[in-house]
Amino acid sequence: MDDTDELKPCDLAGLETFEFERVLLENTLSGSCYLLGKLHGEPAIVHVQRTAVDPSAAPNIVKEGLESLNVFLDNRPYFSAHALLKRGPDALPDLALKLIWPCTEVHIKKYTAQPRRLLTETPALYAQVVEPYISSFPPERTAWVHAILEGRKEAERVLFSSPGEEGFMLVPDLKWDGTTTAGLYLTAIVRDGSIRSMRDLERRHIPLLKSIKREAYSVCAEKWDVAAGELRLFIHYQPSYYHFHVHVVHVAHEIFAGMAVGQGHMLDDVVNWLELSPEEGPSLPALMTFTYALGTEHGLYADLVAGQEE
Ligand code: M7G
């Protein structure tokens, strides 16, 4: 435990210490932005976003939930207004805040607005550039994963858990604040830390991947009445965290960069590659060439570009 373990960043007093430095990224679609600054003197990223409106709560908000209305466009039949919500015990949250503290250079680069470029990663380029990059990450980078798997964090949020090397945990993703079903976003995290990315998958992992699919379907049907056909199960390559996990996202979810062609791979397709892999030797995910977009600030970008040119 170091000195900063005593400090609380994510409460009103902690946020009052925020020293703003610059806006990293602005998203006009979600009406949100990422701010860089310092909290308690340590670098911090704060994501400020308006909460999504739950369609089941919206009619009542329109009817009797508004404190005031400022109509700034009146051009019958078109009207636009700004409104303030009534306060009260049932008031909905105005903002969904996310905080990374203390944050690292990798976080800052990830959330900084930057151009994206397409790259082609052969198995040789994987061995030469990507594998050493993955191995160079200190274990603290995935400390949050181990805290979940060991039941030290987010324990009350766990939706499914199975033990042993072939086990995994299903939890609501950091990206989802639970306000709307259309925004449903879960993450299945495997217990086997030797699977760092999709490239490490082998035929023997087929039962694990199939059980992730089965349990995700079952949890989403039971808890949110969301059917299998409403769920997109996919894997990122490149991911941000090299501890294998599967994204479980409602099909109505707005498409964002992580779902772009090349970045997301359907779980079913990956299972199929494994089924088609030779009985002996490397599996198809280890033998394939992948083309995907990376931000020019990404830690792999410069070396992959140089490797491609060789
Ligand atoms: P990824 O494909 O490695 O990276 O997915 P991405 O962020 O580019 O999508 C990691 C997933 O884990 C993302 O969907 C994150 O939102 C999610 N995630 C990250 N952290 C640090 C946490 C966390 O502390 N708790 C939970 N529940 N999810 C997290």
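So here's what we get for this one:
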{"read-out": "Total formal charge among the other residues, if their Cβ is under 9 angstrom from that of Gly183, Lys/Arg +1 and Asp/Glu -1", "value": "-1"}
{"read-out": "Accessible area per residue, Å², the chain with all protein chains present, probe 1.4 Å", "value": "57 Å²"}
{"read-out": "Sum of side-chain charges, Gly151 neighbourhood, beta-carbon under 14 Å (Lys, Arg +1; Asp, Glu -1)", "value": "+1"}
{"read-out": "Distance between modelled label sites at Glu154 and Met266, nm, 7 Å Cα→Cβ extension", "value": "2.6 nm"}
{"read-out": "Relative contact order %, the range 54-193, counting alpha carbon pairs below 8 Å whose residues are six or more apart", "value": "14 percent"}
{"read-out": "Length added when fully stretched, Asp192-Val48, from 0.36 nm per residue minus Cα-Cα", "value": "48.4 nm"}
{"read-out": "Total formal charge among the other residues, if their Cβ is under 15 angstrom from that of Val171, Lys/Arg +1 and Asp/Glu -1", "value": "0"}
{"read-out": "Three-way shape call for the range 85-138 based on the alpha-carbon gyration tensor, with the a/c threshold at 1.5", "value": "prolate"}
{"read-out": "Portion, in percent, of the accessible area of the chain that falls on carbon or sulfur, probe 1.4 Å", "value": "55 percent"}
{"read-out": "For the range 202-283: span of alpha carbons on each principal axis (Å, largest first)", "value": "41, 27, 21"}
{"read-out": "Exposure rank, largest accessible area first [Arg204, Arg22; 1.4 Å]", "value": "Arg204, Arg22"}
{"read-out": "Share of Cα-Cα pairs in the range 116-231 lying beyond 21 Å, as whole percent", "value": "50 percent"}
{"read-out": "Built amide H within the under 5 Å cut-off of Glu121, gap 5+", "value": "Phe290, Thr291, Tyr292"}
{"read-out": "Mean residue ellipticity (222 nm) of the chain, computed from DSSP H runs ≥ 4 via -39,500 (n - 2.57), nearest 500", "value": "-6000 deg cm²/dmol"}
{"read-out": "Cα-based convex hull volume of the chain per residue, rounded to whole Å³", "value": "185 Å³"}
{"read-out": "Cβ-based charge dipole, the range 3-96, positive-most Cα from Val46, Tyr78, Ala96", "value": "Tyr78"}
{"read-out": "Virtual paramagnetic centre 7 Å along Cα→Cβ of Asp225, amide N under 20 Å, in the range 39-74", "value": "53-61"}
{"read-out": "For Cys103, distant residues with modelled amide H under 5 Å away", "value": "Ala44, Ile45"}
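The values are calculated or read from the model by the stated rules, or taken from the named source; none is laboratory data. What you are looking at is a predicted structure, and each value in this text was computed from that prediction instead of being measured. Positions of Cβ are generated from backbone atoms using ideal geometry, with glycine treated the same way; all protein chains shown enter the neighbour counts. What goes into the accessible areas is simple: the full protein's heavy atoms, side chains included, and nothing from ligands, DNA or RNA. Shrake-Rupley method; radii C 1.70, N 1.55, O 1.52, S 1.80 Å.
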